[in-house]
Amino acid sequence: MLDIRKIRENPDFYRERLARRNTGDEKLISHLLVLDEKRRKHLQESEALKSERNRASKEIGATRNSSASKPSRPISSCASPTSTTTPCPSARRPRTTASSA
């Protein structure tokens, strides 16, 4: 098994060694290096996105913790018993079902 780091460091050595076999595989070293560069680029982007996600997750957690410690406000429509705009959720009428007779 060949180590990709060694191929990156000295690609000409591996091209020469493959050329001695007369199989035409020495051309694959360049292709391998291009694919490795793309892979490393995508890995770097992925790590940056993970870092951003973790940072956002911490912000959400901090926001939730800070809002949980604050006292909650009553809903404006439920605060006033004479309000006619929207009834309180607890004041809703129960659902009626149609009879199938």
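For the reader, a short list of remarks on this structure follows.
- Among residues of segment 20-49 being of a type in the set (S, T, N, Q) and over 24 Å from the mean Cα position of the chain (by Cα), the one that is surrounded by the most Cβ atoms within 10 Å (Cβ to Cβ) is S30.
- The residues of segment 29-46 that are under 15 Å from R5 (Cα atoms) and small (G, A, S) amount to a single one, S30.
- L49, sole failed condition from (1) at pLDDT 90 or above; (2) on the phi > 0 side of the Ramachandran plot: (2)
- Lone unmet requirement of (1) modelled with pLDDT of 95 or more; (2) of a type outside the set (A, V, I, L, M); (3) part of a loop (DSSP other than H, G, I, E, B) for H42: (3)
- The set of residues in segment 1-39 being of a type in the set (S, T, Y) and part of a helix (DSSP H, G or I) consists of Y14, S30.
The values are calculated or read from the model by the stated rules, or taken from the named source; none is laboratory data. Predicted model, so just to flag it, every value in this text is computed and none were measured. Quick reminder, even Gly has a Cβ in these numbers, built from the backbone with ideal geometry, and neighbours come from all protein chains shown.
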